[in-house]
Amino acid sequence: MSHYLDSLNEPQREGVVNTEGPCMLIAGAGSGKTRVLTFRIAHLMKEHQVDAFHIMALTFTNKAAKEMRDRIEAEVGSDARNLWMGTFHSVFARILRAEAHFLGYPNNFTIYDTDDSKTLLKNIIKEMGLDEATYKTSTVYNRISAAKNRLISWQEYLSNPLLLGDDAANMRPQIGNIYKNYALRCFKSGAMDFDDLLFNTDKLFKDHLEVLNKYQHKIHYVLVDEFQDTNLCQYYIIRKLAAVRQNICVVGDDAQSIYAFRGADISNILNFEKDYPELKIIKLEQNYRSTQTIVEAANSVIAKNKAQIPKQVWTANENGMPIDLIKAVSDNEEGKLVATSIFEEKMQYQLRFSDFAVLYRTNSQSRAIEEALRRMNIKYKVVGGLSFYQRKEIKDLLAYLRFVLNQQDEASFRRIINLPKRGIGDSSIDKIIVAANDHSMSIWEVLQNATSFLGGRASGPIDDFVSMIKRFAIEVQNKDAYDAAFEIAKGSGLLRELYEDKTVEGLSRYENVQELLNAIKEFVDDPEREDKSLGSFLQEVSLITGQDEDKDKDPEKVTLMTIHMAKGLEFNNVYMVGMEEDLFPSQLMLSSRAELEEERRLFYVAITRAKKKLFLSYALTRYRFGRLKNCEPSRFLDDVDARFIRVSPRYAGAESVPTTENYTRSFVKGIKKTVSSQPVSKPSSYKPSPDFAPSDTSSLAEGMTVEHPKFGFGKVTKMDTSGPDRKARIQFNDFGEKTLLLSFAKLRIVEG
């Protein structure tokens, strides 16, 4: 029997070895589901001799897929690279690349990201003469996306009286026609948006049974991670793929279903057994991540939901510290109290800033936290900010690369036609688009006959542009991704224009483009990559997710992010801020029990990100939409069993927040309930010597006497230089023994 089975508990082991037929693994938070899924695939390959080409494993991030593939490769060898493994979008894009001609698309179709889609929609709304305030791009985009996720085509949309009636009631009766124009323009441009990658895969399998039959016999086992996050379209596709052999294994946790706003349908996991009466259900209930306090507190919260699959998550870990509740007068004070607490916890327990995460319901809440962290000189990173691949200069070059590969791509054409400026005005661009629509021609056909549509004077710059693109297209055929991209960046004039901009912003943009070229070079130099073409690189880039891009591993940064972004992550210490009514739960999610229960699941996810310690905070007043609002504590605080919560000691006074340079101004004040035996440091009243100045501690050694600005005089009893940070254990006269990081502690050496 394989050795990896020995490392599993009984339910995990059962989830690995029961490989035949429909199976659902209900995986509680921190229960090791990725480990089970990984070993299940390895078991199929090692013990059952299943060819990697016959296994499809679907995830929600490329990062998760890569981690799983690497683990499987460690067990079975390089054959793991042949697995159909990746995100839903990347795996189905792979199928569509091979079968797109069945749907009338070119095999080198462009993939539009959200920004591309919204730009096209904005142009369509403008061309249709509609009020842009009524038909907001984001609103229209979300409406169309929701329709595709429910497998509703534009034809079905326009013939559905309920949908049309709903649009009319919302004073947007033209959404159906916008959807039609958008879909036709994408098709004409040889482009698919993210939703199309799923919608068109379902359409391919539904309308072309010979293609479906081909993949049903190619894929013998289908495995799906984070099943609770799937939408109707995703579920229909995997159900069709698994219809012949019924070897479908889904892994998920209904208690962590938090993406309804993206189309996720919790009924997929709640009702899965109805579609598969022979389903084997295995529950992974042991939590390996968090303390007993955190696990039981999370259980007490989620128990309030009615729509759920019964389970009892437990842990054999230590009891751990109680959950600290922080009460602030205002959102600004909340930020200061949280920042101070982070600093105190780090110093007291010798942690890294990367051990801390601050979670919030909405991105706007980060402002007060960021300001407080900056005042204390604590480095931080905000996850979910402007993505590298969404920066203007990056999208400009990517648009050039995409248009060279696909000259039907309208979104890329609009972006690059006058970039750098070549004397082609908006009126000429509009004429090109109108001519293409009126004559049922592609944009490229119009561009190649510019004189006929624009006249000789206006056609000159267009002809030069066409010649340039044709030259680039030849380069792409003969060169790898890097050489082709560099030639396009240079030949288009983009690099020169950025290089000549000597402002700080211009330099940053130039460096960003260089970084993109570096990424392409890294892509080409990867020895395991067979396809080094520009098209292959662009497909990979277009499918990058937010978590995939987070490459900042600086150990001295606190992480700030929304709870939605934090799903799947874990941190030693977690601060959940803004625990107030109308903020969390959101006032937009209170119209039904289903919405409120999703908000409660979101709170459950926040709690279970914490491994060692959890802090919950709320403010009595908060600025929202430019007005100071009185707040009341969130109802979710009452959902947490009171025996797991204590009122946290807190820093008092807006001006008394410490900094790393001036730690002496901090003091602890507040109500404290002693729930554990862990001692809490008493407030400091020590005043440093008048001539106090920190010494160079590079030569600090055991036996030396030192002075600390808060703890006073003490003797070094032990030095620890084994790790990356030098530490000193010091016995202080009045404050007992403490271990300090020498890179942060301000010590004056008194005696050698």
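The values are calculated or read from the model by the stated rules, or taken from the named source; none is laboratory data. Every value quoted in this text rests on a predicted model; they were computed, and no experiment measured them. Ideal geometry is used to build each Cβ from the backbone, glycine not excepted, and the neighbour counts take in all protein chains shown. The accessibility values were calculated without ligands, DNA or RNA, using every heavy atom of the protein model including side chains. Shrake-Rupley method; radii C 1.70, N 1.55, O 1.52, S 1.80 Å.
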Note to self: With every atom except the alpha carbons ignored, what do you get for Rg and Dmax of region 164-293, in angstroms?
What the structure shows: 18.8, 57
Check: Along its principal axes, what span do the Cα atoms of region 230-369 show, with the longest given first and each in whole Å?
Finding: 59, 36, 29
Notebook entry, point to check: At a probe radius of 1.4 Å, what is the per-residue accessible area of His101, in Å² to the nearest 10?
Noted result: 110
Notebook entry, point to check: Just the Cα atoms of region 396-550: what Rg and Dmax do they give in Å?
Noted result: 16.8, 51
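Grab the Cα-Cα distance for Asn9 and Arg729, subtract it from 0.36 nm times how many residues apart they are, and report the gain in nm with one decimal. Before the final figure, lay out each step's value.
Details: separation 720, 0.36 × 720 = 259.20 nm, distance 3.97 nm.
Working it through step by step, the gained length comes to 255.2 nm.
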Next item on the list: Measure nothing fancy, just the Cα-based angle from helix 593-607's long axis to the longest principal axis of the chain, in degrees from 0 to 90, nearest 10.
Entry: 50
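Cα-Cα pairs above 37 Å in the chain: how many percent?
On the way: 144232 of 282376 pairs.
For the chain, the fraction of Cα-Cα distances above 37 Å is 51 percent.
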Next item on the list: Percent of Cα-Cα pairs per 10 Å bin, from 0 to the last occupied bin, for region 309-455, please list those.
Entry: 8, 24, 16, 13, 14, 15, 9, 1
Notebook entry, point to check: Of the cross-linked pairs Lys33/Lys379; Lys66/Lys311; Lys421/Lys470; Lys274/Lys311, which ones have a Cα-Cα span greater than 25 Å in the structure shown?
Noted result: Lys33/Lys379; Lys66/Lys311
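Per residue, how much accessible area does the chain have with a 1.4 Å probe, in Å²? Walk me through the numbers before you get to the answer.
Numbers: 33080 Å² over 752 residues.
Spelled out: the 1.4 Å probe surface of the chain, per residue, equals 44 Å².
If you average 1/r across every pair of different Cα atoms in region 471-545 and take the reciprocal, what Kirkwood value do you get, in Å?
Numbers: mean 1/r = 0.0757 Å⁻¹.
One decimal place: 13.2 Å for the Kirkwood radius.
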Check: Using a Förster distance of 25 Å, how high is the FRET efficiency between Asp582 and Ala260, based on the Cβ-Cβ distance and rounded to 0.05?
Finding: 0.85
Check: What order do you get for 333-340, 312-319 when each peptide is scored by the mean count of other beta carbon atoms within 10 Å, highest first?
Finding: 333-340, 312-319
Check: In square angstrom, rounded to the nearest 10, how much accessible surface does Val358 have for a 1.4 Å probe?
Finding: 0
Item checked: Helix-only CD estimate at 222 nm, as mean residue ellipticity for the chain, using -39500 (n - 2.57) per DSSP H run (n ≥ 4) -> -13000 deg cm²/dmol
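Output the Kirkwood hydrodynamic radius of region 1-126, Cα pairs only, in Å rounded to one decimal. Write out the running numbers ahead of the final one.
Values: mean 1/r = 0.0591 Å⁻¹.
This gives a value of 16.9 Å.
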Check: When the accessible area of the chain is computed with all protein chains present and a 1.4 Å probe, what percentage of it is carbon and sulfur?
Finding: 50
Notebook entry, point to check: How would you order 10-16, 495-501 from highest to lowest mean count of nearby Cβ atoms within 10 Å?
Noted result: 10-16, 495-501
Next item on the list: Determine the gain in length on full extension of the stretch Gln49-Leu569; use 0.36 nm per residue of separation and subtract their C-alpha separation, reporting nm with one decimal.
Entry: 183.9 nm
Checklist line | Rg/Rg_globular for region 100-208, with Rg_globular taken as 2.2 N^0.38 Å and Rg from C-alpha atoms | finding: 1.05
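If the chain between Ile429 and Asp166 were fully stretched, how many nm would it gain, using 0.36 nm times the residue separation less the Cα-Cα distance? Can you show the working numbers first?
On the way: separation 263, 0.36 × 263 = 94.68 nm, distance 3.53 nm.
Separation in residues times 0.36 nm, less the Cα-Cα distance, equals 91.2 nm.
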Next item on the list: Counting other Cβ atoms within 10 Å, keep those with at most 16, restrict to DSSP loop, and tell me which GluC sites (Glu not before Pro) in region 81-184 are left.
Entry: Glu132
